[in-house]
Amino acid sequence: MIILDHEQGTPEWFKARSGLPTASNFDKIITTKGEPSKQRKKYLYQLAGERIIGTKEEPYQSAAMARGIEMEAEARQLYEMITGEQVTQVGLCLADCRRYGCSPDGLTDDKDLEIKCPTLPVHVEYLLAGKLPTAYFQQVHGQLLVTGHEVAHFFSYYPGMKPLLVPVEADHIFMRKLKDELECFAAELDELSAKLAG
């Protein structure tokens, strides 16, 4: 793993991510069943375009997303208090091949941390289910693929409510499929980018 220490959300971080498949979008490449996603081609075109213009488009941010980002530090402090773990904030983590990456919400010595600060009804839904939400399956396992860790902690936080901490063990069968799909996707992206640049 290669770590680029650009603070998340800064122009430097967005620039480093432009044209790069990242874990938060791995669901656009592969489904939870290990099959190609229907969003694959659109994501491929998006990243190829970013490589040509040299930057990412301004990301859409809803009020709920902005609120979640603001509360992330508070959630991280609570996680550290509950677990006794020391969390290191990182910018962009690249796989050794440098062809894809991730931006976890923190790393400990042996774990990835993925924090979500959802709306109240969504947090209640997560608490009742008590497991990793399907919507984040590819993201969390993609992070584990990049970092090489065997466990990730999914942490959902809403002020005044009990938090949810879910340990997620690496699913190596899925991760092998994910790695194969990422390698194919990255090769296609290189080819398409070269074609557009020519």
Under-5 Å amide H pairs with Lys116, H placed in peptide plane, nonlocal only: Phe155, Ser156, Tyr157
Burial ordering of Leu78, Leu196, Leu145, fewest other beta-carbon atoms within 10 Å first: Leu196, Leu78, Leu145
Label-to-label distance, nm, for residues given as Lys41 and Ala129 (7 Å Cα→Cβ offset): 2.9 nm
Option label - Kirkwood radius over Cα pairs in Å computed here, alternatives [x] 17.4; [y] 18.4; [z] 19.5: [x]
Nearest-ten-degree value, helix 120-129 long axis tilted from longest Cα axis of the chain: 80 degrees
Fully extended contour minus Cα-Cα distance, from Glu70 to Ile52, at 0.36 nm per residue: 3.3 nm
Over segment 89-198, relative contact order from alpha-carbon pairs under 8 Å, at least 6 apart, %: 25 percent
For Lys131, Lys15, order by how many other beta-carbon atoms lie within 10 Å, fewest first: Lys131, Lys15
Mean separation of Cα contacts under 8 Å (6+ apart) over length of segment 110-156, as relative contact order %: 70 percent
Value of relative contact order over the chain, rounded to a whole percent, pairs C-alpha under 8 Å and six or more apart: 26 percent
Nearest-ten-degree value, helix 172-197 long axis tilted from longest Cα axis of the chain: 40 degrees
Ascending count of other beta-carbon atoms within 10 Å, so fewest first, for Leu127, Leu44: Leu127, Leu44
Counting DSSP beta bridges with both ends in segment 2-197, the antiparallel % (nearest 5): 70 percent
In order through segment 77-85: 3J(HN,Hα) via Karplus (6.51 cos²θ - 1.76 cosθ + 1.60), integer Hz, x for Gly, Pro: 4, 5, 4, 5, 5, 5, 8, x, 7
0 to 90° range, to nearest 10: angle between helix 137-147 axis and the chain longest Cα axis: 80 degrees
Farthest positive-ward along the chain dipole, Cα basis, beta-carbon charges - from Thr88, Tyr158, Ile52: Ile52
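Laboratory data are not the source of any read-out in this text; all were calculated from the coordinates shown. Treat the numbers as computed from the prediction; the structure is a model and nothing was measured. Every residue, glycine among them, receives a Cβ derived from its backbone with ideal geometry; neighbour counts consider all protein chains shown.
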